[in-house]
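Structure first, then comments.
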Amino acid sequence: GENVEQHPSTLSVQEGDSAVIKCTYSDSASNYFPWYKQELGKRPQLIIDIRSNVGEKKDQRIAVTLNKTAKHFSLHITETQPEDSAVYFCASTGANSKLTFGKGITLSVRP
Amino acid sequence: DTAVSQTPKYLVTQMGNDKSIKCEQNLGHDTMYWYKQDSKKFLKIMFSYNNKELIINETVPNRFSPKSPDKAHLNLHINSLELGDSAVYFCASSHFRLAGGRGGGNEQFFGPGTRLTVL
């Protein structure tokens, strides 16, 4: 089955700096790669996603890149703000729509 | 106007009891899911139903039984609760996407979660 690895497990950045979170996946048939943000005590919410026919996608301060050959994808957050502090999950989906999540990374943005 | 709702929000019970969690979505999605999030925040799929049919059934103890009376509802019944069942359970829903003859992925909308504590 699919295995999604996410690293690092924690990340601390200064407000205004950029943050990069990397994930790898194992199933070459995976074709959909969402990123979810979960604030403390809240539900996971989609912040950006990318499909396998696209290499990069951007939405304001966040962007995602996908390297299908290497089977890895990354989340980039620029100009970080304290409200970006949360747990971020990468995930991948294969043919059966089963979403496999990485273990999550806790991002802390220091004011 | 709530998209995905779950009840109850908190559930505290004794070992050995049987309990149910209910989930409803009003997004018109055809696929619903149950996830378990443990104390280390790891999110793991348990079950998925597409048009009331079970399509994903992970290695979950058979004490857990999902039931989908219709596309908008997916309930989770747990028998003989154990300490290790303590977790946050999230319901989610999405459209099931078929592209080029294969299934794929679409945004999954999560419910607010049910925090289950087994004493």
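The values are calculated or read from the model by the stated rules, or taken from the named source; none is laboratory data. Quick caveat, the model's predicted, so the values are computed rather than measured. Here Cβ is always computed from backbone atoms with ideal geometry, including for glycine, and neighbour counts include all displayed protein chains. Accessible surface is based on the protein model in full, side chains and every heavy atom, while ligands, DNA and RNA are left aside. Shrake-Rupley method; radii C 1.70, N 1.55, O 1.52, S 1.80 Å.
Miscellaneous remarks
- Accessible-area composition of region A:5-111, carbon plus sulfur, in percent [1.4 Å probe]: 47 percent
- In the protein assembly as shown, a dipole from Cβ-located charges (positive for Lys and Arg, negative for Asp and Glu) runs towards its positive end, and of B:GLN37, B:PHE110, A:ALA86 it is B:GLN37 whose Cα lies farthest in that direction.
- A Förster radius of 35 Å, combined with the Cβ-Cβ distance separating B:ASN26 from B:ARG115, puts the computed FRET efficiency at roughly 0.95.
- Net +/- balance of residues flanking B:GLY113 in space, Cβ distance below 9 Å, scoring K and R +1, D and E -1: +4
- A straight chain from A:ASN3 to A:ARG51 at 0.36 nm per residue would run longer than the Cα-Cα distance by 15.5 nm.
- For region B:1-68, lysine pairs with C-alpha atoms less than 15 angstrom apart, excluding pairs fewer than eight positions apart on the same chain, total 9.
- For the protein assembly as shown, the Rg and Dmax computed from alpha carbons only, in angstrom: 17.7, 51
- Threshold 40 Å², region A:90-111 residues less accessible with all protein chains present than alone (1.4 Å probe): A:ALA95, A:SER97, A:LYS98, A:LEU99, A:PHE101, A:LYS103
- Net charge, B:PRO61 excluded, C-beta distance under 14 Å - Lys, Arg +1, Asp, Glu -1: -1
- The three principal axes of the Cα atoms in chain A give end-to-end lengths of 41, 27, 20 Å, sorted in falling order.
- Fraction of alpha-carbon pairs over 23 Å apart in chain B - percent: 26 percent
- Pairwise burial B:A, computed as accessible area of each alone minus the pair, summed, 1.4 Å, Å²: 2000 Å²
- Taking a straight Cα-Cα cut-off under 14 Å and skipping sequence neighbours fewer than 8 places away in the same chain, the aspartates and glutamates within cross-link reach of A:LYS37 are A:ASP49, A:GLU83, A:ASP84, B:GLU107.
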